[in-house]
Every structure is written in C-alpha cells, then in structure tokens.
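The values are calculated or read from the model by the stated rules, or taken from the named source; none is laboratory data. In this text, all values refer to a predicted model and were calculated from it rather than measured experimentally. Cβ placement follows ideal geometry from the backbone for every residue including glycine, while neighbour counts extend to all protein chains displayed. The area values use the complete protein model at the heavy-atom level, side chains included, leaving out ligands, DNA and RNA. Shrake-Rupley method; radii C 1.70, N 1.55, O 1.52, S 1.80 Å.
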Amino acid sequence: MASSSALLTGERLVVFLFAARVALAAPARLAAPLALLAGAALAVELAVDRSAAAPSSPLRRFRTRPGASSGILLGATTLPCVMLARLIQLSRILPTDPNGAQEFAYLEMQYWAVSISCVSVLAFFLWHLCQSANNEISKTLKYGSLMVVLYLVTFLLFFLVKTDGGLLAMTKNGYLLCHGVAAVILIKHILEKFPSCSSFGEGLLVSSGLVVYFGDILARTLSKMEFSASPGAFIHTPGTQSEIATVIQGFLLGLFLLPLLYKSSLQVWVYCRTLGKQRTQAIEKRVEKRAGSAVFYVSLLLVLLFLVPSWTRLVQGLEVHPFVWVLNYMFTNSDERLLLCAYWIFVICVSIRRFYSISKQSKTERILLRKYYHLVAVLIFSPAVIFQPAFLDLAFGAAFALFLILEMIRVWEVYPLGHTIHQFMNAFTDHRDSEILIISHFSLLLGCALPKWMSSGFNDRPLAPFAGILSLGIGDTMASMIGYKYGVLRWSKTGSEFGFLIFLWSFRTCLLITYACFLKC
C-alpha cells in the first residue's frame, strides 16, 4: 500500500490524465511514442526520488532548486503533449488548406525533435544513476532503459517506413538526433553553471524548449539557402509564418547569441590589456569595469543593428530594419495599439512603484507580494488578447527581449545599471530564486505568452490564448494566497498546506480544461 501511494501522487495523476487525453485523440503512430516517453520519464523520476537521499547518488553533484520535487515526468511530457495537441488541431484543416500538409509535416518533425530531446535527457539521467545503482532502484532503471530503447526503435521505424529508407531517412534521423545531443549538453550546462536555479524537470523543460526553438531558427535559415531549396532537401519549412513571429525570432536569436559575442570580445580585450600591462604595469579597477561595460554595449549594438536585420531579411525578406518595421506597425492605423501601450505603461508604473514600496516598508511575505504581479498580468494581458491579439504577440516578444537584456546587465554587473537593477530585483526574490539567476519574471511572462504564441494562426478553440492568464494569473495566485492564509494541514514535508493543495488541484484542472481546447472533444 505504501509503495502504491508513493507511486501515485497528485502531480503524476494529473500529468497522466493530460497525456492520456492527448494520446487518445492522436493517431497511434504518434501516440505510441508519447506513451513510451511517459513510461520512461516515470521510471527516471522514481529512480531519482529514491536515490535523492543517498549520499553517494551521482546526481547530487547537480544542485537543484531547494524544496522542489524532481518534476521529471511533468518536464518530459509537457512539450510533446502540446506539440501533439497542435498536430491534432491542424489535422482538422488539412482537407481545406492548401498549405496545411506542409505545415503539418513540419510540425510533426518538431514533435519528433522535442520528443528526442526529452528522451536523450532521460537517457542522460539513467546513465548517471546506473553508475551507483543499488538493488532498490535497479529494477526501475531497467524499466526506464527498456522504455528508452523501445522509443528509439519506434522512432527509427517511423522514418524508415514513412520515407522508404535511403539517404533522406538517414539525414532526417541524424538531424533529429542532433537535437537530443544538444539538449543533453544544454541541461548539463544549466545544472552545473546555474546551481539551485531549477529542478531536474524544469531544466529538462527549458533545455528541450530552447533546443527545439533554435532548431526551428536553424531550419528556417537553411530552408532559405540555395542548397536546401532543391526537391530532395529534408527541411521544408512552411511559408505561413507571420512577420511578427519572424521579428521576435530575430531579436531572440541575437540576444541568445549575445553572450558568445560578448565573451569572445571580452577575451580579446583582456588579451590586449595584458599586452599593455607589460608597458604600464597597472590599470585601475574602475577603468577595467567601465571598459568591460563598453564591450558589452558595443556587442549589443552589433547584434541589434547588424545580426538581427540580416537574419530577418534572409528569412522573411524584410527590407527595413526590424526596429523600423515595429515602429511602422505601431503608428500606422493604430489608435487602439497606442491606447493599449499607454494603459500598459500606466498599470506597470503604478504597480511597480506600489509593490516596491511595500517590499521595503512592510512585512508582507515575498511569496504573496510576487503573486500580486500575477494579478497585474491579468489586468495587462486580458484586454490585449481580446482587442489586439497580434500586437500582444509582438509585445510579449519585446518584453522577453527586454528581460533578457536586463538580466544580462544584472548578472554581469554592467556599469552603470548593473548594481541598480540587482537591488531592485532583490526586493522581490525569495528562496525560489538561485544565487545567480532570477527567473520568476521569465516564468510569469512565458507562462502567459506561450499559449498565446502556440494558438496563433489557425485556432478553433477561443479559450486557448487565455490558458496562461487563467492558470498563472488566477489559479496559481489563488492557490498561493488561500493556502498561505488559511491552510493548516501539511500533506508532505516539503509540500504546502492543505488549502494550497485544494486550490492547486483546481488550478491544474483549469489548465487541463484550457489546453484541452486544442483538442477535438
């Protein structure tokens, strides 16, 4: 009885209900890999949980977020389920849309890419656990390894049958397997370089999501090249992507590549400074700091002024700079957009000023103070979803890009804004944030933005764009506030109050119902 209760938790039950609902609505050739992936993720999660207390566990060298469960099952199945739900939705317009078959084939390839990324990370965890497995978890590891092997066999057979074998199947398999290798490298980097920043499941979700996103950017870039435009090319991206989506991708691509450019430029500057030291023998620390900051700002300008417009011109054919395109979009027949911007600025300024003063002067718990921003997100995003959905996509991308720039300035202490931003952000942090990164605002923004981005284009479920706002802005806020104020019974050592559990279940049910809007019930 104890073992069955340890196996079946509330989180796992909700995940399996969600995955089962998606799998039952999908074709068997796509639902079977999802079932194998869920089985492997469950086995890995059980093995990780059972080995967490062992001092010799090989995964203890990865410092995860304190107090958080591993969440591997949830992290491994979320993106594949969302991709598969989108495939089910697109299948309903295939007979009537001339571009539907190409878009469906490309999204199917993305589904396999994200699934391969998740399976590769699970294999990475299994390999580490097998290094010092005891008798208690050896059976679980064998079950997980069997699921991973069966998944890979299913994956290879699918492409051999669909493409009749040959060089094309091998090329596609190699391209998708590269996603898995990249996901393993990325999650290892996240867990090692950013300790206490995420749980295993959160790291898996972020790494697989980033790999698939950059894989999409790479595919769209290669599809515009001459050598990939031939009929035998294995990458055929649909030409239905909007200009707004391309501009967002361009800016995010540039900002994600900014650290590489900045670090490389900084190394060159340090080398030149070392040569100069042989003559001068000393450089003041203040001069060094300001020179490093100048390198950062120059790198940022190079990315925004040259790299981003070059990519958008290649992929979308934009003849003007993306900044100019955004300004033209905002000021052309846009009274409603300008009013919306004024409303956003007013709400953000009032809420930040109010909540910052509260954080400095009162004893309000940080967790409650942070949830107030969830309610602010409802006030900000709800009118835009109703009246200006396309403009909201662009605003989400601009806000995410701004958050990335500010976080880089804060982490690298770029003069003169680094210290000020760090002090401001520290007013809203608690034990959930790591010693290096502050990711709460990213989680809130992406939680609201991803359902909206995923439902862009064809969407026959009107509640789908509201999924993030309903779940994070209302469900998660009520769960935390009611659980904190009225909860008295704890259901686990690391869990929260009984009231929190009730409202958390309501929040997850709301999330399931809203995401089910992607499906044909």
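Brief remarks follow.
- Meets criteria (at pLDDT 80 or above, assigned to a helix (DSSP H, G or I) and farther than 23 Å from residue 35 by Cβ) for residue 189: yes
- Some residue of segment 216-226 being surrounded by fewer than 16 Cβ atoms within 10 Å (Cβ to Cβ), at pLDDT below 85 and more than 30 Å from residue 391 (Cβ to Cβ): yes
- Test: residue in segment 374-385 that is over 27 Å from residue 479 (Cβ atoms), in contact (Cβ under 8 Å) with a residue 24 or more places away in the chain and surrounded by fewer than 18 Cβ atoms within 10 Å (Cβ to Cβ): no
- Here 368, 305, 327, 301 are screened, and the one residue that is in contact with a helix residue (DSSP H, G or I) (Cβ under 8 Å, 6 or more places away or on another chain) and among the aliphatic types (A, V, I, L, M) is 368.
- Leading residue by the ranking (nearest to residue 223 (Cα to Cα)) among those in segment 292-331 that are open to solvent by less than 80 Å² (accessible area, probe 1.4 Å) and not in a helix (DSSP H, G or I): 317
- Filtering segment 237-248 to residues that are open to solvent by 10 Å² or more (accessible area, probe 1.4 Å) and either free of Cβ contacts under 8 Å to residues at least 60 places away in the same chain or within 22 Å of the chain's Cα centre (by Cα) (or both) leaves 237, 241, 242, 243, 244, 245, 248.
- Single residue of 145, 138 found to be among the small types (Gly, Ala, Ser), modelled with pLDDT of 85 or more and touching a Cys at 6+ places or on another chain (Cβ under 9 Å): 145
- Residue within segment 81-93 that is at pLDDT 90 or above and open to solvent by 30 Å² or more (accessible area, probe 1.4 Å) present: no
- Unmet requirement for residue 65, which otherwise passes all of (1) in a helix (DSSP H, G or I); (2) at pLDDT below 90; (3) of a type outside the set (A, V, I, L, M, F, W, C); (4) surrounded by 16 or more Cβ atoms within 10 Å (Cβ to Cβ): (1)
- From 433, 460, 393, residue being more than 27 Å from residue 342 (Cβ to Cβ), crowded, with 17+ Cβ neighbours inside 10 Å and either modelled with pLDDT under 80 or not aliphatic (A, V, I, L, M) (or both): 433
- Members of segment 332-346 found to be β-branched (Val, Ile, Thr) and either at pLDDT 90 or above or buried (at least 16 other Cβ atoms within 10 Å of the Cβ) (or both), listed by number: 345
- Matching residues, segment 175-205, being free of Cβ contacts under 8 Å to residues at least 24 places away in the same chain and either under 17 Å from residue 48 (Cβ atoms) or touching a strand residue (DSSP E or B) at 6+ places or on another chain (Cβ under 9 Å) (or both): 190
- With respect to (1) small (Gly, Ala, Ser); (2) modelled with pLDDT under 85; (3) surrounded by 18 or more Cβ atoms within 10 Å (Cβ to Cβ), the lone exception for residue 208 is condition (2).
- Applying the condition of being within 12 Å of residue 251 (Cβ to Cβ) and touching a residue at least 40 places away in the same chain (Cβ under 8 Å) to segment 305-333 and asking which residue is farthest from the chain's Cα centre (by Cα) yields 325.
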